[in-house]
Structures are given as C-alpha cells and as structure tokens.
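Everything on this sheet refers to the single structure shown next.
What follows is calculated from the coordinates using simple rules that are stated; it is not laboratory data. The structure presented is a predicted model; accordingly, all values stated were derived computationally and were not measured. Positions of Cβ are backbone-derived with ideal geometry, glycine not excepted, and every protein chain shown enters the neighbour counts.
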Amino acid sequence: MTLSAKHLLGIRDLTKEDISLFLQTAGQFKEVLQRPVKKVPSLRDVTIVNLFFENSTRTRISFELAEKRLSADTINFTAQASSVSKGETLLDTVNNILSMKVDMVIMRHSASGAPHFLAKHIPAAIVNAGDGINEHPTQALLDAFSIKEKTGRIEGAKIAIIGDIMHSRVAQSNIYLLKKMGAEVTVCGPPTLIPKYISEALGVRVNYDLKETLEWCDVANVLRIQLERQNQVLFSSLREYNLSYGISKKILDSLHKEIVIMHPGPINRGVELDSDVADSKQSIILQQVENGVAVRMAVLYLLAGRTPDNN
C-alpha cells in the first residue's frame with residue numbers, strides 16, 4: 001500500500017486510506033523507539049531541509065529527531081538567520097536550497113498556503129509543519145494516533161476541541177481527520193472564538209457550555225489561546241476566559257465519567273488548563289509529544305517512497 005499524494009500539505013488532501021497508512025506505519029516506528037538502539041538506516045540516502053519561517057520548538061525538534069532516527073541528512077534553516085531577513089523571496093530561498101540536492105522540505109510559515117505554493121514550483125516533497133491559520137497535518141496525525149492508542153478507537157469516539165477554534169490550524173486539521181475517520185466532533189469556546197460557518201462547513205457540533213461538552217465527550221483536546229494571532233479583543237481577560245472555559249480538577253471530578261485530556265502545547269497554565277489537570281493521570285500531553293516523533297518518522301518514510309514492507 002502506498003500514499004495517494006506526493007506531499008503532505010494538509011489533512012484535507014488525504015484519503016482515509018492515507019491516514020490509516022500513516023497511523024499504521026507510526027505504530028511500527030513507535031516500536032522502534034522502544035528499542036535500546038533507536039536509530040534505523042531507512043533514509044540514509046535522503047536529504048531533508050527544515051525550513052522554519054515561524055518560531056517553533058516542539059514541532060521543529062520533533063522533526064529533527066525523527067530525521068536523525070531515520071538516518072537522514074538534515075539542514076536546519078531559520079528565517080531570522082538567513083537571507084530572507086535581507087529581502088530574499090521564498091522561491092529564491094528554496095531554489096537555492098534545492099540546488100544543494102535536497103529531497104524533502106519541512107516547512108512552517110505564517111502565511112496560509114505557503115507550502116502549497118512551494119509544491120507547485122519545486123520538485124522536492126513538501127511537508128506542511130503549520131501554515132498560518134490553515135492546517136497543521138502532522139499534529140492532527142499524532143493526535144489521532146494518541147487517541148487510538150489511549151482509547152482503542154477513532155471511529156465512533158466523541159472528541160471535543162475546546163478553546164480558540166478561530167485561529168487554530170490544529171483545530172482545522174483535527175476536524176478534517178476525525179470526521180474522515182468516523183469520529184463525532186464538538187467544538188466549544190466563546191462565540192467570538194468559533195467561526196460562524198463551522199457547523200455547516202465542517203459538520204461539527206457547536207456548544208458554548210464547557211460542562212455540557214465535557215460530559216458529552218470521551219476526549220477533550222484543549223487548544224492554546226493564540227493572542228499573537230488576534231488583531232482585536234475577543235474576550236474581556238485571560239482570567240475571565242479561565243473562569244468560563246478553563247478546565248480545572250474540580251470540573252473533571254464533577255463529571256460522571258473519566259475523560260482523556262489532550263493539548264498540542266505550549267500550554268498556558270492557569271488559562272486553558274490548570275496545572276493539576278495538565279499533570280494529572282487523565283492527561284496524555286507527554287504521550288502526544290512522544291508519539292509525535294513516531295508519527296513524523298512515518299510521514300518522512302512514506303513520502304520518501306518507502307513502504308511499510310521494506311522497513
């Protein structure tokens with residue numbers, strides 16, 4: 001079985017079979033990561049550039065570690081320390097890098113659609129590591145892998161995505177993936193942080209009541225409030241947000257069942273999650289980070305044209 005696409009630009013472009021193949025292959029690499037020697041020679045003939053035009057810690061380190069575990073040759077590029085800061089265009093930058101015979105580009109950019117633009121102009125495989133408020137496909141894949149690992153299923157699972165839906169590429173990618181794989185999805189947050197079209201356009205439920213949403217769901221994927229992307233005041237204060245939509249141990253203990261807590265990071269502790277929730281046994285936040293490496297190994301491996309059979 002092989003992928004239907006050359007690039008990973010977004011979950012919207014993937015088939016259900018593509019998603020299943022990514023998750024299945026990630027499971028194999030999770031086993032590799034449990035071994036005393038965690039490195040395999042699968043991509044020793046592949047050169048990958050990490051092209052980050054936007055600040056990142058978790059995603060960048062996760063990709064770098066995945067590349068090292070697969071024995072790929074890597075080039076790390078940050079816009080602040082490059083000719084981009086001198087006015088070089090995106091296409092010029094990438095063409096210069098490609099002249100070094102790069103096979104794959106991992107790209108994060110603040111402009112929605114930037115990876116799609118590159119995919120039309122250069123021959124290397126492109127992986128979208130987050131573009132504006134559009135998509136973050138590897139985060140959605142690792143979230144799905146973590147949900148399946150913890151609960152045993154995605155199809156039929158009740159997943160709540162809570163917080164700043166309006167500005168979140170993680171929310172969009174998660175919704176596409178979960179709906180394709182048969183999960184039920186509810187989004188919850190202040191009305192000012194939930195797009196008005198979302199129910200009709202993406203087929204999700206909308207609930208503005210946190211307690212009701214938590215009672216309904218099996219898994220709560222809690223998103224960071226992205227103040228850096230908000231160009232107007234959308235709620236009165238962070239304290240007010242925490243009182244209405246922050247998840248505390250008291251709220252979790254009042255529910256009639258135990259639910260799973262997720263967060264893509266970084267966490268604003270005391271805003272969307274209290275520390276005793278983020279660090280509780282119901283939280284799988286650290287497992288998400290661990291699973292991110294296995295999932296990104298699977299993405300790189302499959303986009304390099306390998307199949308699970310020759311791993």
Original post:
Roughly how many debye, to the nearest 20, is the charge dipole of the chain about its Cα centre, given +1 on each Lys and Arg Cβ, -1 on each Asp and Glu Cβ, and no other charges?
Top reply: 420
**OP:** Among Ala278, Thr78, Ile247, flag the residue with its Cα farthest along the positive direction of the charge dipole of the chain, charges on Cβ as +1 for Lys/Arg and -1 for Asp/Glu.
**Re:** Thr78
Original post:
Over what distance in Å are the Cα centres of the stretch 258-311 and the stretch 122-180 separated?
Top reply: 11
Original post:
Cα axis of helix 137-151 to longest principal axis of the chain: angle in degrees, 0 to 90, nearest 10?
Top reply: 60
Subject >> Potential extension, Thr192-Thr15 segment - 0.36 nm per residue separation minus Cα distance >> reply: 60.5 nm
Original post:
For Leu255 and Val37, FRET efficiency with R0 = 51 Å and r from the beta-carbon atoms, rounded to 0.05?
Top reply: 0.75
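Pairs of alpha-carbon atoms within less than 8 angstrom and 6+ residues apart define the contacts here; what relative contact order does the stretch 32-142 have, in percent?
25
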Original post:
Where does the chain land at 222 nm, in deg cm²/dmol rounded to the nearest 500, when only DSSP H runs of n ≥ 4 count, each adding -39500 (n - 2.57), divided by all residues?
Top reply: -11500 deg cm²/dmol
Subject >> Ranking of Tyr197, Tyr241, Tyr208, Tyr301 by count of other Cβ atoms within 10 Å, fewest first >> reply: Tyr197, Tyr208, Tyr241, Tyr301
Subject >> Calculated diffusion of the stretch 137-288, Stokes-Einstein form, Kirkwood radius summed over Cα pairs, 10 °C and 1.306 mPa s, µm²/s >> reply: 104
Original post:
Quick one: net charge of Thr74's neighbours, Cβ under 14 Å, K/R +1, D/E -1?
Top reply: +2
**OP:** Would you mind telling me which residue in Ala183, Ala66, Ala144 has the biggest mean-square fluctuation in a Gaussian network model of the chain, where springs connect alpha carbons within a distance under 10 angstrom?
**Re:** Ala183
**OP:** Among DSSP beta bridges lying fully in the chain, give the percent that are antiparallel, nearest 5.
**Re:** 5
Original post:
Which of Thr57, Thr151, Thr15 moves the most in a Gaussian network model of the chain with Cα springs under 10 Å?
Top reply: Thr57
Original post:
Over the stretch 137-288, what is the relative contact order in whole percent, taking alpha-carbon pairs under 8 Å and six or more residues apart?
Top reply: 24
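Please give the FRET efficiency for Ser4 paired with Leu202, using the beta carbon to beta carbon distance and R0 = 25 Å, rounded to the nearest 0.05.
0.70
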